Amino acid sequence: MRVATPLLSLLGHELRAPAGVIGGYLALIERERDRLSPTQQQALDGARRGQQAIVETLDDLRRLTRSEE
């Protein structure tokens, strides 16, 4: 696990920034939610759930790599 831990830590760090950017763009779109069609709102909800799942997974990965160090 000596090699995997730093690699997983780096991977988590590198993915956190894009996940945050995606969350920021979703927040901008959510501000105009009332202008979206129901289908677009459903797509937005799915995108938000996906983004949150990525962030939660990265949090889990961070906790895992910290416990391995």
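The values are calculated or read from the model by the stated rules, or taken from the named source; none is laboratory data. These figures come from a predicted structure and were not determined experimentally. So basically every Cβ, Gly included, is an ideal-geometry build from the backbone, and we count neighbours across all protein chains shown. Accessible surface is based on the protein model in full, side chains and every heavy atom, while ligands, DNA and RNA are left aside. Shrake-Rupley method; radii C 1.70, N 1.55, O 1.52, S 1.80 Å.
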Per residue value of the accessible surface for the chain (all protein chains in place, 1.4 Å probe), Å²: 77
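If you roll a 1.4 angstrom probe over the protein chains with everything in place, what fraction of the accessible area of the chain belongs to carbon and sulfur, to the nearest %? Kindly include the intermediate steps, with their values, before the conclusion.
On the way: 3090 of 5310 Å².
Answer for the chain is 58 percent, counting heavy atoms of protein chains only.
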With 5 Å bins from zero, work out the P(r) of the chain over every alpha carbon pair and list the percent per bin. 3, 17, 21, 17, 13, 10, 8, 5, 4, 1, 0
In region 1-38, GluC sites (Glu not before Pro) in a DSSP loop with at most 16 other beta-carbon atoms within 10 Å: Glu32
Take every Cα pair under 8 Å in the chain that's 6+ residues apart, average their separations, divide by the length, and report that relative contact order as a whole percent. 59
How far is it, in nm, from the label point at Asp60 to the one at Leu36 when both lie 7 Å from their Cα along the line to the Cβ? 2.5
Compute the acute angle (0 to 90°) between the alpha-carbon long axis of helix 38-68 and the principal axis of greatest extent of the alpha-carbon atoms of the chain; round to the nearest 10°. 10
